[in-house]
Amino acid sequence: MPATTTSPVLFGDILALARESWVREMSTRLAERGYPDYRRADPLVLRWLVHGTLPFGRLTSVLGVSRQSARKVISGLVERHYAHVRADETDSRRRNVELTPWGRDYASAVIEVLSALNREIAAKVNPDQLEAAQSVLGYVKDNFGL
């Protein structure tokens with residue numbers, strides 16, 4: 001009979017699996033609302049753009065990513081007709097990102113689904129445990145370049 005080994009499940013494994021579950025659930029719920037093209041970077045950028053037009057450079061710093069990475073996220077929104085990029089009226093070197101009407105609808109749907117998932121977790125997890133989890137995830141984000 002072959003020996004079986006069990007590997008411990010490490011924090012990083014759980015984090016990766018949890019992220020995949022979260023993204024899958026967001027994707028499923030948004031598809032049910034008529035948005036089958038959800039991408040994992042959408043919520044963060046949409047929560048900023050829903051408040052109005054932002055310069056591309058500001059989005060880069062808000063997202064905490066390189067210009068190339070931010071450009072990829074914004075290009076994805078533009079390709080899906082959720083946003084457009086225009087030259088600034090006062091400085092033609094500056095590019096501003098703005099949601100389209102379809103993009104505003106998508107942003108509302110993303111925010112609603114995100115809020116619902118957060119409420120569901122808060123209803124099922126002890127508040128102290130949720131606070132501890134947020135603390136650990138904040139540490140990972142702030143100290144590992146995420």
Candidate set: the range 79-111, residues that are over 23 Å from residue 36 (Cβ atoms) and of a type in the set (S, T, N, Q); chosen: the one modelled with the lowest pLDDT: 92
Residue check for residue 95: out of contact with any strand residue (DSSP E or B) (no Cβ under 6 Å at 6 or more places or on another chain) and not hydroxyl-bearing (Ser, Thr, Tyr): no
Every pair of residues 6+ apart whose Cβ atoms lie under 6 Å, when the first sits in the range 4-32 and is basic (Lys, Arg) while the second is in a helix (DSSP H, G or I) and surrounded by 12 or more Cβ atoms within 10 Å (Cβ to Cβ): 29/113
Residue among 56, 11 that alone is aromatic (Phe, Trp, Tyr) and farther than 30 Å from residue 105 by Cβ: 11
Members of the range 53-111 that are of a type in the set (Ser, Thr, Tyr) and surrounded by fewer than 16 Cβ atoms within 10 Å (Cβ to Cβ): 53, 61, 66, 69, 75, 90, 92, 100, 108
Filter result (in a helix (DSSP H, G or I) and of a type in the set (S, T, N, Q)) within the range 117-142: 118, 129, 134, 135
Condition broken by residue 115, with the remaining ones in (1) modelled with pLDDT of 95 or more; (2) within 15 Å of the chain's Cα centre (by Cα); (3) surrounded by 14 or more Cβ atoms within 10 Å (Cβ to Cβ) satisfied: (3)
Which numbered condition residue 26 fails, given (1) under 15 Å from the mean Cα position of the chain (by Cα); (2) exposed (fewer than 15 other Cβ atoms within 10 Å of the Cβ): (2)
Filtered residues of the range 53-77 (kept if basic (Lys, Arg) and modelled with pLDDT under 90): 58, 67
Scan of the range 34-52 for residues that are exposed (fewer than 15 other Cβ atoms within 10 Å of the Cβ), under 13 Å from residue 105 (Cα atoms) and modelled with pLDDT of 95 or more, ordered by number: 34
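The values are calculated or read from the model by the stated rules, or taken from the named source; none is laboratory data. As the structure is a prediction and not an experimental result, all values here were calculated from the model. Note that we place each Cβ from the backbone using ideal geometry, even for glycine, and neighbour counts take in every protein chain shown.
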